[in-house]
Amino acid sequence: MSSLDEPPNRVITALGLLALVLVWVLDLGTVQPNRIVSGTGYGLFDAAGWFGAVTVSVGLCALMALAILPLRRRYALLGVLLTLALTALPDLLVVFTSAHLPRESPYARTAVGAGFWSLLFLLVLMLIEVVGRLRLGRRGQLGILVVILAGWALLVRQGGLDSLSLMREFESRPDEFLQALRAHLALALGAVAISFVLAFALVLKMMRSEGWRRPVFGVVSFLQTIPSLALFGLLIAPLSALTAAFPVLQGLGIRGIGWAPALLALIAYSLLPMVRNTFVALTEVPEAVIDAGRGMGMTERQLFLQARLPLAMPVIIEGVRITTIQAMGLTAVAALIGAGGFGTFIFQGLGQAAMDLVLLGALPTIGLALAADVVLSALATALQPRPAAVLQHKRTSSG
Amino acid sequence: MRTWRTPILWLAVLLALVLGMEALEPLFRLIQPDTQGVIYRRESFLFLLGNHVLLVLVSATIGTLAAVAGGIFATRPLGRDFLPLVSQIASIGQTFPPVAVLALAVPVLGFGEGPTLVALVLYGLLPVLRNTLAGLDGLDPAVTEAARGMGMSARQVLFQVEIPLAGRVILAGIRTSVTINIATAAIGSTIGARTLGDPVIAGLVNGNTAYVLQGALLIGLLALMTDSLFEALENVWARRVASPQPVA
């Protein structure tokens with residue numbers, strides 16, 4: 001570490017200022033007399049009392065001060081403070097509900113307001129900025145995430161957030177929630193797995209015969225261009241016709257609506273990113289490597305399994321990552337044709353104008369997409385082939 | 001003229017179907033024999049198409065302007081500090097499923113075309129932003145240095161060198177964004193935006209496969225037409241920039 005101060009950070013200052021304005025202008029939360037009726041909003045001061053309002057404001061000012069003042073370990077301090085702030089953030093909601101939820105009406109519930117969401121969003125942005133400046137590795141990032149999520153989980157377990165309407169919606173249908181989770185994962189991951197096998201077979205064929213390349217790419221990019229709602233819709237008619245003609249299929253659960261057209265459409269969408277990445281990965285392995293292997297007397301089979309495939313793996317996994325994120329989102333749309341999953345809550349909630357049911361579907365959908373991103377990026381990094389020479393060089397230079 | 005042949009062809013098919021859906025009534029009657037109405041008549045297809053295109057067009061214009069402006073800001077000396085965060089937002093934001101963004105717009109903004117438009121703008125600017133950053137930040141510094149050495153001002157370098165060279169990448173971003181938004185606008189029917197998704201949703205709710213098919217066909221054709229239009233635009237741009245031209 002140099003003895004010079006780290007230069008001031010304008011990004012944190014700007015975000016902090018914005019957060020301070022928004023948290024005072026927007027409603028922190030609302031209280032609803034029941035599920036459907038829209039509630040009354042409470043600003044920061046009314047919602048959290050003077051103590052809460054002062055804590056939030058002073059906290060944000062402290063972040064901005066840390067970003068500007070001449071400091072040596074600016075980002076480490078900011079990182080710790082931001083992690084603490086995010087971990088403690090839901091406590092603001094606990095304070096709010098304990099002060100404002102009417103005890104006598106069992107249907108009353110509290111909802112999270114735009115002010116709280118803005119504060120959460122801007123704090124996350126600040127944390128992303130700080131983590132970037134600190135050049136934290138994947139392990140450090142995961143550590144921060146675990147701390148924050150553990151804090152939230154503890155609060156939920158203690159029942160501090162039970163009166164939140166989001167929690168109420170969950171508690172009135174825990175079985176449905178688990179079933180939706182299972183259906184969502186089965187559909188999305190099933191489509192990804194099947195398209196992976198299909199894409200791999202197609203790419204092997206394309207590598208052998210060049211005549212296959214153009215038509216395969218043409219078809220898969222054509223499929224990707226068709227909007228999801230249209231593709232789901234277009235598959236309904238042929239599948240119903242098929243099951244009408246062959247009643248045996250109905251016994252298998254295949255119908256015009258339901259999981260069958262959803263799975264077909266999801267596979268169709270997954271093919272483009274999967275084929276593209278697998279093809280690029282396998283064909284762009286440096287010829288010198290293959291020649292060297294051949295010179296060592298490796299058979300074609302060995303060349304493929306021991307040289308080409310391991311080198312191509314990170315790019316192939318990248319294709320799986322893009323496909324999985326995409327499939328998690330599209331599965332939510334598939335609820336429209338009765339495929340189940342978290343989309344069911346979203347569209348039910350929209351139909352009943354029950355906003356917290358919408359959130360109960362939308363937030364886990366986003367969560368699954370982000371989780372897929374985290375897990376598969378980590379896998380891609382772990383599979384990065386590291387030649388022995390590079391490792392040795394690293395060891396000597398860092399030691 | 002060859003360049004524009006495919007989009008014009010798709011447009012012709014799309015318009016023919018929009019205006020002549022009635023003529024296909026016997027065909028849809030085959031699919032849906034036991035229902036009275038087999039052609040969706042709650043709104044005219046032309047109105048739904050117009051509204052759908054308008055939503056995508058307005059959101060693409062706002063989103064592109066905002067994203068390109070943001071991309072330029074983050075690559076100038078004034079905004080360099082923001083570059084890492086902005087590029088992080090562009091890549092993390094795309095992990096959010098479009099349908100979830102659409103659903104989240106409702107609790108905040110309510111039902112209708114407005115919230116749909118906001119969701120389309122927010123989601124649509126991410127691919128453009130990412131590509132603008134990639135295009136501007138990925139330029140060979142030697143090129144901009146040469147331009148500056150020729151006596152060009154910072155503004156001239158931006159508009160006469162950087163943007164034309166990054167243009168193709170930015171255009172590809174706009175193409176991705178518009179493709180996603182055509183699909184998302186169709187789902188916007190579920191939050192009260194009147195688009196070509198309406199017949200699909202109405203058909204799914206009432207068990208009328210003919211409605212579903214009509215909506216799905218038109219949405220699909222609109223997407224294919226737009227995609228081929230961008231293909232043509234990209235070719236034209238490539239020819240313009242590649243052809244030797246005296247710069248300034």
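The values are calculated or read from the model by the stated rules, or taken from the named source; none is laboratory data. Since we're looking at a predicted model, the values are computed, not measured. Positions of Cβ are generated from backbone atoms using ideal geometry, with glycine treated the same way; all protein chains shown enter the neighbour counts. Heads up: the accessible areas ignore ligands, DNA and RNA and are worked out on the full protein's heavy atoms, side chains in. Shrake-Rupley method; radii C 1.70, N 1.55, O 1.52, S 1.80 Å.
Can you find even one residue in the stretch A:237-258 that is within 14 Å of chain B (Cβ to nearest Cβ), touching a residue at least 60 places away in the same chain (Cβ under 8 Å), open to solvent by 70 Å² or more (accessible area, probe 1.4 Å) and not in a helix (DSSP H, G or I)?
Pass one, the stretch A:237-258, residues within 14 Å of chain B (Cβ to nearest Cβ): A:237-245, A:255-258.
Next cut, touching a residue at least 60 places away in the same chain (Cβ under 8 Å) only: A:257-258.
Those still in the list that are open to solvent by 70 Å² or more (accessible area, probe 1.4 Å) too: A:257.
Now restrict to residues that are not in a helix (DSSP H, G or I): A:257.
Yes, the stretch A:237-258 contains a residue that is within 14 Å of chain B (Cβ to nearest Cβ), touching a residue at least 60 places away in the same chain (Cβ under 8 Å), open to solvent by 70 Å² or more (accessible area, probe 1.4 Å) and not in a helix (DSSP H, G or I).
Within the stretch A:158-165, is even one residue over 23 Å from A:Ala332 (Cβ atoms) and among the acidic types (Asp, Glu)? Explain how you work it out, then say what you get.
First pass over the stretch A:158-165, keeping only residues over 23 Å from A:Ala332 (Cβ atoms): A:158-163.
From the residues that got through so far, the ones that are among the acidic types (Asp, Glu) too are A:162.
Looking through the stretch A:158-165, at least one residue is over 23 Å from A:Ala332 (Cβ atoms) and among the acidic types (Asp, Glu).
Filter the stretch A:16-69 for residues that are open to solvent by 40 Å² or more (accessible area, probe 1.4 Å) and among the polar types (S, T, N, Q) and give the result.
Answer for the stretch A:16-69, where residues must be open to solvent by 40 Å² or more (accessible area, probe 1.4 Å) and among the polar types (S, T, N, Q): A:Asn34, A:Ser38, A:Thr40, A:Thr55.
Residue by residue through the stretch A:220-235, note down the ones that are open to solvent by 10 Å² or more (accessible area, probe 1.4 Å), within 7 Å of chain B (Cβ to nearest Cβ) and part of a helix (DSSP H, G or I).
Here is the first cut: in the stretch A:220-235, the ones open to solvent by 10 Å² or more (accessible area, probe 1.4 Å) are A:221-226, A:231, A:234-235.
Now restrict to residues that are within 7 Å of chain B (Cβ to nearest Cβ): A:225-226, A:234.
Listed by number, the residues that qualify are A:Thr225, A:Leu234.
Of all residues in the stretch B:47-61, which are over 14 Å from B:Ser189 (Cα atoms), aliphatic (A, V, I, L, M) and buried (at least 17 other Cβ atoms within 10 Å of the Cβ)?
The answer is B:Ala60, and nothing else.
What is the one condition in (1) over 15 Å from A:Leu123 (Cβ atoms); (2) surrounded by fewer than 16 Cβ atoms within 10 Å (Cβ to Cβ) that A:Phe96 does not satisfy?
Every condition holds for A:Phe96 apart from (2).
Only one of these conditions is not met by B:Leu46: (1) in a helix (DSSP H, G or I); (2) modelled with pLDDT under 90. Which number is it?
So B:Leu46 meets the others, but not (2).
Restricting to the stretch A:312-339, what's the tally of residues that are open to solvent by 20 Å² or more (accessible area, probe 1.4 Å) and touching a Pro at 6+ places or on another chain (Cβ under 6 Å)?
The total comes to 1.
Does B:Arg5 count as exposed (fewer than 14 other Cβ atoms within 10 Å of the Cβ) and in contact (Cβ under 8 Å) with a residue 40 or more places away in the chain? Let's see the steps before the verdict.
Working: exposed (fewer than 14 other Cβ atoms within 10 Å of the Cβ): yes; in contact (Cβ under 8 Å) with a residue 40 or more places away in the chain: no.
It is false that B:Arg5 is exposed (fewer than 14 other Cβ atoms within 10 Å of the Cβ) and in contact (Cβ under 8 Å) with a residue 40 or more places away in the chain.
For every residue, the table says whether it meets (1) open to solvent by 50 Å² or more (accessible area, probe 1.4 Å); (2) in contact with a His (Cβ under 9 Å, 6 or more places away or on another chain); (3) β-branched (Val, Ile, Thr).
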{"residue": "A:Leu120", "(1), (2), (3)": "no, no, no"}
{"residue": "A:Val130", "(1), (2), (3)": "no, no, yes"}
{"residue": "A:Arg135", "(1), (2), (3)": "yes, no, no"}
{"residue": "A:Ile144", "(1), (2), (3)": "no, no, yes"}
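Any chance you could count how many residues in the stretch A:340-353 are open to solvent by less than 40 Å² (accessible area, probe 1.4 Å) and more than 10 Å from chain B (Cβ to nearest Cβ)?
2
Which number in (1) more than 24 Å from A:Val131 (Cβ to Cβ); (2) part of a loop (DSSP other than H, G, I, E, B) marks the one condition that B:Phe96 misses?
All conditions are met except number (1).
So the check is Cβ under 9 Å with 6+ separation or different chains; which pairs have a first residue in the stretch B:200-221 that's over 15 Å from B:Gly188 (Cα atoms) and more than 9 Å from chain A (Cβ to nearest Cβ) and a second one that's in a loop (DSSP other than H, G, I, E, B) and of a type in the set (D, E, K, R)?
Taking only residues 6 or more apart or on different chains, not a single pair turns up.
Pairs needed: first member in the stretch A:1-22, modelled with pLDDT under 90; second member anywhere, acidic (Asp, Glu); C-beta distance under 6 Å; at least 6 residues apart or different chains.
A:Arg10/B:Asp81
Just a yes or no: is a residue in the stretch A:366-382 in contact (Cβ under 8 Å) with a residue 12 or more places away in the chain, within 15 Å of B:Val101 (Cα to Cα) and open to solvent by less than 50 Å² (accessible area, probe 1.4 Å)?
Yes: one or more hits.
Find all pairs meeting these conditions: Cβ atoms under 9 angstrom apart; at least six residues apart or on different chains; first residue within the stretch A:306-326 and charged (D, E, K, R); second residue open to solvent by 50 Å² or more (accessible area, probe 1.4 Å).
Qualifying pairs under 9 Å: A:Arg308/A:Val289; A:Arg321/A:Val375; A:Arg321/A:Leu379.
Going through B:Leu65, B:Leu57, B:Leu102, B:Leu78 one at a time, which residue ends up being modelled with pLDDT of 90 or more and either within 13 Å of chain A (Cβ to nearest Cβ) or closer than 17 Å to A:Leu15 by Cα (or both)?
Details: B:Leu65 fails: either within 13 Å of chain A (Cβ to nearest Cβ) or closer than 17 Å to A:Leu15 by Cα (or both); B:Leu57 fails: either within 13 Å of chain A (Cβ to nearest Cβ) or closer than 17 Å to A:Leu15 by Cα (or both); B:Leu78 fails: modelled with pLDDT of 90 or more.
That would be B:Leu102, the only listed residue that is modelled with pLDDT of 90 or more and either within 13 Å of chain A (Cβ to nearest Cβ) or closer than 17 Å to A:Leu15 by Cα (or both).
Answer with yes or no whether A:Leu263 is farther than 30 Å from A:Pro238 by Cα, out of contact with any strand residue (DSSP E or B) (no Cβ under 8 Å at 6 or more places or on another chain), crowded, with 18+ Cβ neighbours inside 10 Å and away from chain B (no Cβ under 12 Å).
Working: farther than 30 Å from A:Pro238 by Cα: no; out of contact with any strand residue (DSSP E or B) (no Cβ under 8 Å at 6 or more places or on another chain): yes; crowded, with 18+ Cβ neighbours inside 10 Å: yes; away from chain B (no Cβ under 12 Å): yes.
Criteria not met by A:Leu263.
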